[in-house]
Amino acid sequence: MELPYAEPYKIKTVESIHRSTPEQRKQWIREARYNLFYLDSDQVYIDLLTDSGTGSMSQKQWSAIMSGDEAYAGSRSFIELRETIRELTGFQHVLPTHQGRAAENVLFSTTVKAGDVLPGNAHFDTTKGHIEFRNARAIDCTIDEASRTDLYHPFKGNVDIAKLEQALATYGRDKIPMVIVTITCNSTGGQPVSMENLKQVREFSLQHNIPVFFDSARFAENAYFIKTREEGYAGKEIREIVREMFSYADGMTMSSKKDGLVNIGGFLAMHDHELYRSASHFNIMFEGFLSYGGMAGRDMAALSVGLMEATTFEFLESRIRQVHYLGEKLKAYGIPIQEPFGGHAIFVDAKKFLPEVPKEEYTGQTLAIELYLEGGIRGVEIGTLLADRDPDTRENRYPELELVRLAIPRRVYTRSHMDYIAATLKNVYDRRDRITRGYRILDEAPFMRHFTVELQPL
Ligand SMILES: *Cc1c(COP(=O)(O)O)cnc(C)c1O
């Protein structure tokens with residue numbers, strides 16, 4: 001018979017996780033004010049809150065940890081990291097930061113001012129937070145197909161060029177410091193952007209002299225999708241595709257906690273020397289000197305290895321196959337999920353799952369809490385709580401999609417964990433008719449409220 005697919009690694013170090021009882025979970029979630037971010041990790045059996053910084057490092061990365069150079073200036077680990085990034089992306093200038101949002105902070109400190117607008121596909125929440133914090137606006141120009149969960153489109157992260165043109169016509173060139181393309185597009189469900197679309201954005205950018213930056217947390221997963229879904233790329237190496245992708249940008253921000261395969265870290269990289277010079281001042285002020293920027297030498301050493309491992313087809317195939325295995329299983333149970341499946345997560349359509357719970361009562365959050373109560377699984381709401389309030393009117397922004405994201409950490413869980421997760425969702429789905437009410441907010445922060453919000457059941 002045909003041999004089945006199996007992971008290209010075996011497990012060397014194990015970490016125990018524990019199941020709990022429904023009674024315990026009921027008490028814990030109440031104590032956490034119905035905010036899953038407030039649960040202790042020991043109160044969670046399978047943690048799908050995020051794939052950010054939660055992956056397993058390889059033995060090569062752990063070996064690199066021992067060889068990190070902790071020099072304050074001119075660290076060998078930084079020089080090696082910079083070489084790796086130059087080789088992979090073509091960007092000459094590299095500023096290390098402690099994570100992705102720090103790279104955004106440094107970049108926007110020198111490029112974004114009050115009243116500016118930054119168009120692109122759906123911005124990630126920290127990106128939008130850093131833009132709005134500066135009294136600027138993020139303009140979502142994602143293609144309309146992205147919000148139709150029942151519709152197949154191979155590249156639902158694509159930017160709608162007509163919407164970009166519209167933003168330009170409305171606000172004018174001087175208000176647009178850059179276009180940001182997020183690869184893959186986290187906020188629409190880990191959906192990739194095609195090479196063709198990256199090229200079109202590039203043409204727009206050159207035509208109007210507006211720089212393009214890639215928010216690149218999952219650039220390797222994006223390359224995998226280009227290889228497997230876009231005509232003309234099947235025969236290309238992942239690193240060739242990565243290099244071509246970045247050839248259409250002026251720079252990038254990176255959260256190394258995703259496709260860097262490390263637990264902490266980030267960087268900013270670009271071509272322009274002037275921009276590098278001005279960003280450097282902010283890097284030194286906020287992050288640290290130019291050759292460490294908030295990272296230990298050993299972390300930079302592990303990141304160099306991680307970036308190389310993440311840009312192999314073998315790793316990406318196992319990564320994305322595992323996510324899709326879970327997706328297929330949920331689909332077989334009839335559970336409404338976003339298709340095509342994203343790279344790092346499965347997104348459950350909460351409006352379709354719990355049609356009785358009104359959006360004003362936070363449908364996505366309601367479903368996320370039910371999954372925790374049922375099986376000790378921690379997912380995360382990607383819906384109204386995350387979308388936050390309109391900065392002008394302070395009204396809730398109701399996104400078209402109310403989703404629960406089940407993010408799969410890299411190289412962490414096994415296939416039987418995927419089976420357990422699917423069974424948990426099936427059990428909640430079977431009793432969905434009895435879930436009719438959601439939650440109300442007791443307390444919330446002015447920015448990025450979902451992290452600290454306190455809720456009460458209705
Ligand atoms: C995680 C992420 C960020 C922010 O990175 P942190 O390392 O969490 O600060 C920015 N953009 C995207 C697309 C992300 O996924």
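Readers should treat all values here as calculations from the given coordinates under stated rules, not as data from a laboratory. Since we're looking at a predicted model, the values are computed, not measured. Cβ placement follows ideal geometry from the backbone for every residue including glycine, while neighbour counts extend to all protein chains displayed.
Between residue 93 and 270, the built amide H atoms are under 5 Å apart, and every one of these is 5 or more places off in sequence or on another chain. Put simply, the amide H of residue 403, placed in the peptide plane, has neighbours under 5 Å in 350, 382, 383, leaving out anything fewer than 5 places away on its chain. In plain terms, the residue of 262, 453 with the fewest other Cβ atoms within 10 Å comes first and the most crowded comes last, giving 453, 262. Of the beta bridges in the chain, as assigned by DSSP with both residues counted there, near 65 percent are antiparallel. Fraction of C-alpha pairs exceeding 22 angstrom in the stretch 287-367: 53 percent, rounded to a whole number. Scalar couplings 3J(HN,Hα) for the stretch 319-326, obtained by applying the Karplus form with A = 6.51, B = -1.76, C = 1.60 to θ = phi - 60°, are 4, 7, 4, 5, 4, 6, 4, 4 Hz; x denotes Gly and Pro.
A simple rule links phi to the HN-Hα coupling: the Karplus curve 6.51 cos²θ - 1.76 cosθ + 1.60 with θ = phi - 60°, which for the stretch 167-174 gives 4, 5, 5, 6, 9, x, 3, 5 Hz, with x for Gly and Pro.
Using the empirical formula 2.2 N^0.38 Å as the baseline, the Cα radius of gyration of the stretch 302-437 reaches a ratio of 1.15.
Normalised by the number of residues in the stretch 349-411, the mean separation of alpha-carbon contacts (under 8 Å, six or more apart) gives a relative contact order of 35 percent. Hydrodynamic analysis of the stretch 100-227 uses the Kirkwood radius over alpha carbon pairs. Inserted into Stokes-Einstein at 4 °C and 1.567 mPa s, it gives a translational diffusion coefficient of 89 µm²/s. Quick check: the distance between the Cα centres of the stretch 353-409 and the stretch 244-285, to the nearest angstrom? Cα centroid of the stretch 353-409 versus Cα centroid of the stretch 244-285: 31 Å apart.
Taking a 29 Å limit on the Cα-Cα distance, which of the listed pairs 10/156; 156/352; 113/351; 227/257; 257/426; 128/236 fall beyond it?
Beyond 29 Å between Cα atoms: 10/156; 113/351; 257/426; 128/236.
With contacts taken as Cα pairs under 8 Å at a separation of at least 6 residues, the stretch 59-310 carries a relative contact order of 32 percent. Averaged over residues, the count of other Cβ atoms within 10 Å places the peptides 166-174, 5-13 in the sequence 166-174, 5-13, highest first. Put simply, the C-alpha atoms of the stretch 1-68 give a gyration tensor, and the ellipsoid matching it has half-axes of 32, 20, 11 Å, longest first. When +1 charges are put on Lys and Arg Cβ atoms and -1 charges on Asp and Glu Cβ atoms, the dipole computed for the stretch 258-306 relative to its Cα centre reaches about 120 debye. Sequentially through the stretch 116-128, phi angles give Karplus couplings (6.51, -1.76, 1.60; θ = phi - 60°) of 6, 10, 10, x, x, 6, 3, 6, 5, 5, 6, 5, 4 Hz, Gly and Pro residues having no value and appearing as x. Look at the alpha carbon pairs under 8 Å that are at least 6 residues apart: their mean separation over the length of the chain gives a relative contact order of 22 percent. Comparing 377, 393, 353 along the charge dipole axis of the stretch 334-433, the residue lying farthest to the positive side is 377, per the Cβ-charge model.
Every Cα-Cα pair of the stretch 23-134 was included, and the share exceeding 18 Å stands at 71 percent. The residue list 183, 124, 67 was ranked by how far each Cα lies along the charge dipole of the chain toward its positive end, using unit charges on Cβ atoms, and 67 comes out on top. Name all residues of the stretch 427-458 having a backbone nitrogen under 18 Å from the label point set 7 Å from the Cα of residue 360 along its Cα→Cβ direction, giving them as ranges. Under cut-off, by backbone N: 436-443, 456-458. Secondary structure note: in the stretch 59-310, about 50% of the DSSP beta bridges are antiparallel.
All C-alpha to C-alpha distances of the stretch 59-310, sorted into 10 Å bins beginning at zero, yield P(r) values of 8, 33, 36, 19, 4, 0 percent in whole numbers. May I ask for log10 I(q)/I(0) of the chain at q = 0.06, 0.10, 0.13 Å⁻¹, from a Debye sum over the Cα atoms as equal point scatterers with solvent left out? At q = 0.06, 0.10, 0.13 Å⁻¹ the computed log10 ratios are -0.24, -0.71, -1.25.
Within the shell defined by Cβ-Cβ distances under 11 Å, the residues around residue 68 carry a net charge of -2, with Lys and Arg each +1 and Asp and Glu each -1. Label-to-label distance for residue 23 and residue 92 is 6.8 nm, based on points extended 7 Å past Cα in the beta-carbon direction.
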